Amino acid sequence: MLTLLIAIPIVAAIAILLGACPKKTALLSATLNLFITLAALFRYDSSAAGYQFQFSRMLMADWKLSFFVGADGLSLLMLLLTALVTFAAVWVAPRPEKIERWPNLYYACLLFIAAGATGAFASLDLFFLYAFHELALIPTFLLIGLWGSGDRVTAAWKITIYLALGSIILLIGLLGLYVNLPDTARTFNLVELQKLAPGVIPQTSWVYLFLMLGFGILVSIFPFHSWAPSAYASAPAPAAMLHAGVLKKFGLYGLLRVAMPLMPQAAQHWNGLLMLLLCGNILYIGLATIAQKRLDTMLGFSSVMHMGYIFLGLASFNLIGVSGAALLMFAHGLSIAALFAIAGAVRQRTGTLEFSQLGGLAKPLPFLGFTFGLAAFASIGLPGFANFAAELLVFFGAFKRPETLATGLHFFSHPILANYRVVTVIALWGVVISAVYMLRGYRAAFLGETNKRWASLTDVCQCVRVPIVLLLAVLLVAGFRPQYFLNLVTPTVKTFLVTK
């Protein structure tokens, strides 16, 4: 089942490159993957611990390297996110005749990103977990560089350089983890590695630091964040939806799947640094988001800012906070994908996303105005949406730990600064900041007097309405019934936590 999820978009992308109808083939692929993912969710036994739907083929016996896939609740949650956002992104993609050049390559790139993300979330072998993510970066570069807007070439190279740096640091960390294992225990198999941790796996501080920074750069952790806003602002809407909504979660997933379970003691040691950096994500980038004058760059900065909340949940290292972080990964992916889809529809109709040139769009574009308001409320964290339930768990989990942070950073060892509750209170100001910039952006784009230039605009067609409604509907379902999604991830989280 999981091998099918990886193979279907790859086969569909190759078929499109060979001449198959791009839109219909991509839609068929995305629909099949969504139904297969839903079938896996219904068949998944949440009461049973461990991985299900496993499939393995040995490739290099001497290195113990195998193509090995499997899924637990955390993997399935990320696979569901991938399937939903891919389905929405393909739906909102322009018809082939409206794409300036190489429409077949455009759709193939979207499917290769989806295949890479799916493979990374389903892999239980470190080599393929890393390789599938790298597979998804190449089409991201092409989509921004060939079909982006604004200074797209600079944005494409910037994201490539930053993510290549993060990938290299991550690779050093993974190799360091492999080399530090006893000779008899060296393997890329995650299931075997998790059976060894933490008794056999050395809790080497520098190895975890490389893993944390490598995964963190891929998530745009402060101060390695500047690639994300410009890339998302320049990217076509479907590419921004897939990267910000799905592929960006790979770094967080890697911390949850690899770094924290295998090296829990080292994770506790570097929690102080993580808390310091996440405050930069929430406060510094949050204030920078308020200053933005374009809708797309505001959404790009907002996406970076909200990663700080997820890092806070991971740093709490207890069941409440980490489960909230996993749910927030899912909720943020849906809400930011919906926001970029709406922003792309606005750009297509107006030709601009400058706040100074927009205004009053809710009158000629009522559907976009209404759904943008819902997606903005979800992003802010209003009750009823999954983001609210997730952020509440993150804050409760972090505030639950009254002890001082363990850290090797002398400048962060003051008992006031190095306290979980103090950092949580500081991070809570991000809720206020996000409300300010989201409501400001909503007012500037959709409220007020309608510019005469936009009076004759027509609202979006069904091909754009269906995916946006789908994303928002799932956000509401997860907001009213978060326990179903939490029941998927809590068995995984319980396996490596120091405190419950």
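Any read-out appearing in this document is the output of simple, stated calculations on the displayed coordinates, not a laboratory observation. Note that the structure is predicted; figures quoted are calculated from it, not measured. Methodologically, a virtual Cβ is constructed for each residue, glycine included, from the backbone with ideal geometry; neighbour enumeration extends over all protein chains shown.
In the P(r) worked out for region 250-356, what percent of Cα pairs fall beyond 24 Å?
Details: 1919 of 5671 pairs.
Percent of Cα pairs beyond 24 Å in region 250-356: 34.
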Response to the item:
The set of residues whose placed amide H lies less than 5 Å from the amide H of Asp125, leaving out same-chain residues fewer than 5 positions away, is Phe68, Leu190
Worksheet item: Under a plain spin-label model, where a point goes 7 Å from the Cα along Cα-to-Cβ, how far apart in nm are Arg440 and Asn180?
Response: 4.3
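With each run of n ≥ 4 DSSP H residues scored as -39500 (n - 2.57), what mean residue ellipticity at 222 nm is computed for the chain after dividing by its residue count and rounding to the nearest 500 deg cm²/dmol?
Details: 21 runs with 333 residues, N = 500.
So the helix-based figure for the chain works out to -22000 deg cm²/dmol.
Regarding the chain, what whole-number volume in Å³ per residue does the convex hull of its Cα atoms give? Numbers along the way, then the final one.
Working: hull volume 63.9 nm³, N = 500.
Residue-normalised Cα hull volume stands at 128 Å³.
Calculate, in nm to one decimal, what Leu428 and Tyr484 gain on full extension: separation in residues at 0.36 nm each, minus their alpha carbon distance.
Full extension of this stretch gives 17.5 nm more.
Which of the peptides 442-448, 228-234 is most tightly packed, and how do the rest follow, judged by the mean count of other Cβ atoms within 10 Å per residue?
Values: 442-448: 18.7, 228-234: 26.4.
The most tightly packed comes first, giving 228-234, 442-448.
After finding the eigenvalues of the alpha carbon gyration tensor for region 61-134, what semi-axes result from the square roots of 5 times each, listed largest first in whole Å? Let's see the in-between values first.
Working: eigenvalues 176, 50, 7 Å².
Its equivalent ellipsoid spans semi-axes of 30, 16, 6 Å.
Please go through the residue pairs Lys249/Lys293; Lys158/Lys248; Lys23/Lys98; Lys363/Lys452; Lys64/Lys195; Lys23/Lys249 and name each one whose alpha carbons sit more than 22 Å apart in this structure. It would help to have the intermediate numbers written out before the result.
Numbers: Lys249/Lys293 27 Å; Lys158/Lys248 16 Å; Lys23/Lys98 12 Å; Lys363/Lys452 12 Å; Lys64/Lys195 16 Å; Lys23/Lys249 26 Å.
Where the Cα-Cα span goes over 22 Å, the pairs concerned are Lys249/Lys293; Lys23/Lys249.
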Worksheet item: Hey, if you put +1 on the Cβ of every Lys and Arg and -1 on every Asp and Glu Cβ in the chain, which of Ser123, Pro182, Asn487 ends up farthest toward the positive end of that dipole?
Response: Asn487
Worksheet entry | Fewest-first sequence of Arg349, Arg43, Arg401 by Cβ atoms within 10 Å of each Cβ | Arg43, Arg349, Arg401
Worksheet item: In 5 Å bins starting at 0, how do the alpha-carbon pair distances of region 1-264 split up by percent?
Response: 1, 6, 13, 17, 18, 16, 13, 9, 4, 2, 1, 0
Worksheet, complete the sentence: At R0 = 25 Å the Cβ-Cβ FRET efficiency linking Ile290 and Arg347, nearest 0.05, sits at 0.70
Response to the item:
For 295-307, 169-181, ranked highest to lowest by mean beta-carbon neighbours within 10 Å, the order is 295-307, 169-181
Worksheet item: For region 205-220, in order, what is each residue's ³J(HN,Hα) by Karplus, 6.51 cos²θ - 1.76 cosθ + 1.60 with θ = phi - 60°, in whole Hz (x at glycine and Pro)?
Response: 5, 5, 5, 5, 4, 5, 5, 5, 6, x, 5, x, 4, 5, 9, 6
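So how much slack lies between Trp206 and Lys400, counting 0.36 nm per residue of separation and subtracting their Cα-Cα distance, in nm?
Working: separation 194, 0.36 × 194 = 69.84 nm, distance 2.81 nm.
Between Trp206 and Lys400, full extension yields an extra 67.0 nm.
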Fill in: Asp45-Thr31 pseudo-label distance in nm [points 7 Å out on the Cα-to-Cβ vector]
3.3
Fill in: Share of alpha-carbon pairs per 5 Å distance bin for region 270-500, given as whole %
1, 7, 14, 17, 17, 14, 11, 8, 5, 3, 2, 1, 0
Discussion item. Quick check: pseudo-label points 7 Å beyond the Cα along Cα→Cβ at Val191 and Leu447, how many nm apart are they?
Written reply: 5.4
Worksheet item: When ranked by the protection proxy of mean other Cβ atoms within 10 Å per residue, highest first, what sequence do the peptides 157-167, 312-322, 282-292 form?
Response: 312-322, 282-292, 157-167
Item to complete: In whole Hz, with x marking every Gly and Pro, tabulate ³J(HN,Hα) for region 188-193 from phi via Karplus 6.51 cos²θ - 1.76 cosθ + 1.60, θ = phi - 60°.
Response: 9, 6, 5, 5, 5, 5
Worksheet, complete the sentence: Ranked from fewest to most other Cβ atoms within 10 Å of their own Cβ, Met212, Met329 fall in the order Met329, Met212
Worksheet entry | Dipole magnitude of region 1-264 about its Cα centre (Cβ charges: Lys, Arg +1; Asp, Glu -1), debye to nearest 20 | 460
Worksheet item: What base-10 log of the normalised intensity I(q)/I(0) is obtained for region 434-500 from the Debye formula, alpha carbons as equal point scatterers, at q = 0.25 Å⁻¹?
Response: -1.08
Item to complete: Hey, can you grab everything whose amide H is under 5 Å from the amide H of Gln52? Only 5+ residues off in sequence or another chain; H modelled, so Pro and N-termini drop out.
Response: Ala71, Asp72
